[in-house]
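Enquirer: Got a structure here, written out as structure tokens. Questions coming.
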Ligand SMILES: [Fe+2]
């Protein structure tokens with residue numbers, strides 16, 4: 001087991017090192033030829049991104065060098081590289097993580113009228129450190145043959161005894177749950193949030209394990225009746241080439257909680273300019289490009305996420321779910337409450 005992890009770790013480190021070499025080379029070339037570049041550290045690995053980056057190069061003449069790794073690996077890499085980091089832009093998921101990068105001094109505040117215009121205030125850091133590009137809702141999904149949707153109301157109501165042995169949700173180590181609990185702390189205070197987490201643990205159909213997709217599959221196989229998952233996973237399951245996944249997606253319905261109150265908890269995938277960005281002006285241009293009409297439409301079609309720029313058409317599946325009210329708390333608060341959320345999970349024994 002340990003050996004396997006070590007192997008994966010070594011492969012990850014090696015590939016990151018190979019990528020860094022590429023970037024260093026590109027940087028040197030840059031000095032000699034005046035070639036304009038932007039070095040992008042991103043967790044995203046979608047075909048559409050490649051297309052978007054190529055379009056950006058065509059439009060601006062700025063070459064995009066990409067380093068792909070998981071969000072936590074990229075943050076670690078930037079920490080290790082320090083002032084010498086070639087990173088210009090960090091693209092990662094979850095405001096909690098973006099906040100972590102901010103706290104560690106890895107990203108810098110920028111001012112851009114275009115970004116402020118394109119991205120509504122709640123989707124970006126109030127001090128200009130990071131900017132949301134797409135958002136997702138953390139929804140409740142349920143088995144329509146076993147759950148009457150009128151029984152569903154709020155995240156808070158998942159603490160109710162009626163869900164005893166029926167609730168599915170992944171482990172607390174995951175940032176999605178940390179940000180959800182952070183939003184409950186913001187709405188109801190620490191004590192209430194802790195009581196909620198405790199009750200949720202008591203209601204679980206099984207010990208937390210697996211991904212969001214696995215919770216949906218567990219509903220499909222009758223292990224539980226309701227689950228909390230990110231909205232785009234339902235789209236991904238329905239769109240999958242694997243029959244079991246399509247079946248799982250079809251076995252559930254989506255419910256947007258807290259519509260009568262503060263709204264459904266949402267989070268972003270976002271971008272930031274690296275604190276030591278060697279090509280800062282290009283970095284800002286790049287993020288501006290991703291926030292504009294064309295890129296936002298591409299994002300909307302690609303990953304079953306919602307584009308942050310108002311007025312962009314959603315993917316048809318999202319349209320079918322209808323509009324919903326989203327929690328208006330500034331997402332930077334989720335980052336601020338992250339430490340408390342992690343502590344509460346620990347205190348209540350949410351694995
Ligand atoms: Fe995800």
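FYI, it's all coordinate maths here, none of it is from the lab. Computed from a predicted model, the values in this text were never measured in an experiment. So basically every Cβ, Gly included, is an ideal-geometry build from the backbone, and we count neighbours across all protein chains shown.
Enquirer: Of all beta bridges DSSP finds with both residues in the chain, what is the antiparallel percent, to the nearest 5?
Expert: Working: 24 of 37 bridges.
Roughly 65 percent of the beta bridges in the chain run antiparallel, per DSSP.
Enquirer: Using 1/(1 + (r/R0)^6) with R0 = 25 angstrom and r between the beta carbons of residue 103 and residue 346, what's the FRET efficiency to the nearest 0.05?
Expert: On the way: r = 20 Å, r/R0 = 0.79.
With a Förster radius of 25 Å, E is 0.80.
Enquirer: Modelled label-to-label distance, residue 171 and residue 45, 7 Å Cα→beta-carbon offset: nm?
Expert: In this crude spin-label approximation the distance works out to 2.0 nm.
Enquirer: What spacing in nm lies between the two simple spin-label points modelled at residue 238 and residue 292, each 7 Å away from Cα in the Cβ direction?
Expert: 3.2
Enquirer: Take the Cβ-Cβ distance between residue 206 and residue 127 as r, set R0 to 51 Å, and report the resulting FRET efficiency rounded to the nearest 0.05.
Expert: 0.80
Enquirer: Using helices alone, what [θ] at 222 nm do you get for the chain, with -39,500 (n - 2.57) per DSSP H run of 4 or more residues, divided over all residues and rounded to the nearest 500?
Expert: On the way: 15 runs with 169 residues, N = 351.
Per the formula, -14500 deg cm²/dmol.
Enquirer: Between residue 161 and residue 325, what's the calculated FRET efficiency when r is the beta-carbon distance and R0 is 41 Å? Round to 0.05. Write down the numbers at each step before the final one.
Expert: Details: r = 27 Å, r/R0 = 0.66.
The calculated FRET efficiency here is 0.90.
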